[in-house]
Every structure is written in structure tokens, then in C-alpha cells.
Amino acid sequence: MSAVLPVYRRSDIAISRGEGVYLFSEDNDCYLDFAAGIAVNSLGHCHPHVVAALKSQADKLWHCSNMYQLDQLDQFAQRLTDACFADKVFFTNSGAEAVECGLKILRKYHDFNKNPERYRVITMEGGFHGRSFACISAGGNEVARDGYGPLLDGFDRVEFNNLAAVESAVTPETAAILVEPVQGEGGIREATPEFLQGLRKIADRYGLLLFIDEVQCGMGRTGSLFAYEQAGITPDIVSSAKGIGNGFPLGACLMTQKVANCMSTGTHGSTYGSNPLAMAVGNAVLDIMLAGGFFQHVAKTGALLKKELEKIVHEFPSLFSEVRGRGLILGVKVRQGYGIENANHILVGKLREEGLLTSAAQDNMIRITPPLIIGQEHILEATAIMRKTFSDIKWN
Ligand SMILES: *Cc1c(COP(=O)(O)O)cnc(C)c1O
């Protein structure tokens, strides 16, 4: 019996090493990694440029507290905000902390602007925002919430992609709208561009902040630095994490100057947030992502992978009903109707046995989030493993 708290479904394989798009077990079995630690290893495992940056920083300075100036921090903050809508950023160690930071700031913003009665946030069914009390209160996942009550007050959940539902949920107490442009845990469900544009209009009409959670779908995964860009909107707050550190614990809460005006010395903080190691890694990840052609590569390989997955759905119509997502955040929906619960988990397990790593998401999805550096050869290797695996499946 392991001493580890059993909150994760863990397979038997023990991973000891990673290189590019591949993971290796202690027995030296090789796995093609199309999970990437759930959309984390954006540049693949042990990317040489990122490893070099981390090693070089490790020889210089690990931690010194935010009480001092740190070049790496100012540089990373400037480059990241220059590349998107934001004027200011707060760095964290995880996605939940980045979302939590945004949830605190959206209340502070209205308090600062003499509307302290505005504290409620409209959130989406199927949304996932992390595991802190505020994050599970905001999220739509019952299992994540169950037994932890009383939860934090102030979240009004409405149907995803339903603008009328959002507008009718607005009250004089509403402070903000929180949405993922592509729901990851919720099952690779995309917000339509019209929905995101409509949210911006509603936010403007009622004086609300638009808070976009890009912890999973951001940092290049949909084929642009952030997914909101593709809807042509400007958010007020964006949370980022996962792919931003390529596996080093790092998150960011980005915001406009208008929002940042409410924050001053002592109003928020984090001991480890923006530590030198994380900043060195973040800068190294940006070096690669902001070099020309990176996002185009993601869009192109994503479109190719989606086309190949659509062929597979077509070849195995009794197993699958559709492919969802864009860029390299994709999902294949497993059909119900065999009386088998969690069929997606079973198929993720069978793919793993054949050497392909994916992950399961809500709504019976096989989630496919490979490193953003995959090439056509990896797509063909993955789809060959899928065909072999699915040909052998006989429910019953
Ligand atoms: C994973 C995730 C989080 C939480 O990030 P952690 O690093 O696990 O705290 C928040 N929001 C979204 C959309 C996520 O996918």
C-alpha cells in the first residue's frame, strides 16, 4: 500500500525519463506522450534550451523573496505582457493560484471603484478552475465540490455558450464573468467566437470584468499565444499556467492597467511566486514560443491531427461519435450505450498498453494534448497505435 493520498487514478507504469515527445519507464518501455502531463509539457520533455536555462539559474540563485529587484522577473513580465492584452502580471506557482488571484482582484476592483456590493461571478457549467476553495466554488465539477461545504459564496453558474442565460444572471451584485475559451477538464468544449464576443458586450454593458481562464488552452495550444485572441476580444483578466512553465511550477494572473490600479503594496503576495528558477524557465519558454512560426506550426499540426482523428471516428463509428477542439487541444468522444461507465478511461488505459499516452476528460472524452512541437511523423505514429488498439476492442 502506497503512503500517497489516493486522489488520483494512477496506472502501474513508473516513468523515469522523458525526451521530446517520448516518455520512458523504468523498464525502458517507450511511450508516445499525447497527454503531456495534461497540456503542461508544451515544448516536450527536457527541451534543451529550457533545461540549460534552469541549470544555469540553479548555479546562480534559487530564491531571494520579492523584497528585492530581480531582472529575470521584470524581463519575463515585460515580454509576456507585451505579447498579449495585459499591462501587469502577478506570477504564481500553479493554475489554481493564478485563478484565485484573479478572483480576489475582481472583487478588489469593484471595492476600489466604490461598488463594494459587486462581488458575484457568473461561471459556466462544465467549467474547471482548480482546487482551492474559491476555485472549486467557481467550478462546475460535482466530485471536486462534494463534501467540502459550505463553499465560498458568490458564484452563479449558467449554461456554457448560452448568452441569454448569462445576461439574465446579471444582477446589481455581479462583478465579473469567468470562462474558459476551450473547456479542458469539462471535455474539450469550445466557446463559440460569438459567445466570447457577446460576453465582452455584456461585460461592457453592465460594468463587469471579463475573466478568461487560459490555464489549459493558453500558451500556444490553440494556435495563438492565447485562445481569446481568435475571437477578436480583449479580456480584463487572464489566468495562465500549465504550458507556461513546460513542467516547472509556474502560473500567471494577467490584467489591464485599469484592473491593476486597485492593487497596492501588501494587498496580495506569494513567497515562491516569481522565484528566479521559475522566471528563468518562463523566459526560456517564451524564447521558443515567440520565435517566428511557432503558433503557425501548432495550428497546422493541430488541423492535421484533427483530420486524422476524424478519419478514425469514421472508421470506428460504434466506438466514437465526434472530434472536438482546435489546435493541439483535441478530444474524441466515446459513445455511450454499451452499459459501460467510464469507457473513455478504459480506452485511455488500452492506448497506454499499446504505447500511446492520452488522458480522460469529462463527457466521456479521450483528451489529446500533445507537446506543441510534434511533427507529422508523431501524428502518424499515434494514429497507427489508435487503429491497432481500437480494432481489438470488443465491448462485452
Ligand atoms: C488545470 C487547470 C486549473 C488549475 O491548475 P493547477 O495548476 O492544477 O492548480 C485551472 N484552470 C484550468 C482551466 C485548468 O485546466
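The values are calculated or read from the model by the stated rules, or taken from the named source; none is laboratory data. Keep in mind that what you see is a predicted model, and the values were worked out from it rather than measured. Backbone-built Cβ (ideal geometry, glycine too); neighbour counts: all protein chains shown.
Counting only strands (runs of 3 or more DSSP E) that fall entirely inside the range 1-52 and contain at least 3 residues that are surrounded by 15 or more Cβ atoms within 10 Å (Cβ to Cβ) and touching a strand residue (DSSP E or B) at 6+ places or on another chain (Cβ under 7 Å), the qualifying elements are 22-25, 30-33.
Can you tell me which residues in the range 360-376 are surrounded by fewer than 22 Cβ atoms within 10 Å (Cβ to Cβ) and over 17 Å from GLN336 (Cβ atoms)? Result: ILE373, GLY375, GLN376.
Residue pairs whose Cβ atoms lie under 7 Å apart, sitting 6 or more positions apart in sequence or on different chains, and linking a residue in the range 174-201 that is outside the structural domain of TYR119 (by TED's automatic domain parsing) and in contact (Cβ under 8 Å) with a residue 24 or more places away in the chain to a partner that is within 10 Å of the ligand (Cβ to nearest atom) and part of a loop (DSSP other than H, G, I, E, B), do not occur here. Every residue in the range 334-350 that is surrounded by fewer than 22 Cβ atoms within 10 Å (Cβ to Cβ) and free of Cβ contacts under 8 Å to residues at least 60 places away in the same chain, please. The answer is ARG335, GLN336, GLY337, TYR338, GLY339, ILE340, GLU341, ASN342, ALA343, ILE346, LYS350. Here GLN216 meets each of (1) within 11 Å of the ligand (Cβ to nearest atom); (2) of a type in the set (S, T, N, Q); (3) in contact with a Phe, Trp or Tyr (Cβ under 7 Å, 6 or more places away or on another chain) with one exception, condition (3). Checked against the criterion of being touching a Gly at 6+ places or on another chain (Cβ under 8 Å), crowded, with 19+ Cβ neighbours inside 10 Å, under 21 Å from ALA39 (Cα atoms) and in the same structural domain as ILE374 (by TED's automatic domain parsing), the candidates VAL285, VAL238, VAL298 yield just one match: VAL298.
Every test in (1) surrounded by fewer than 21 Cβ atoms within 10 Å (Cβ to Cβ); (2) touching a residue at least 12 places away in the same chain (Cβ under 8 Å); (3) under 23 Å from the mean Cα position of the chain (by Cα) is passed by GLU308 save one, and that test is (3). When PHE211, PHE226, PHE155, PHE160 are checked against the criterion of being surrounded by fewer than 22 Cβ atoms within 10 Å (Cβ to Cβ) and within 15 Å of the ligand (Cβ to nearest atom), PHE155 stands alone in meeting it.
Entry remark, the range 177-191: residues being in a strand (DSSP E or B) and in contact with a Lys or Arg (Cβ under 8 Å, 6 or more places away or on another chain) number 4 in total.
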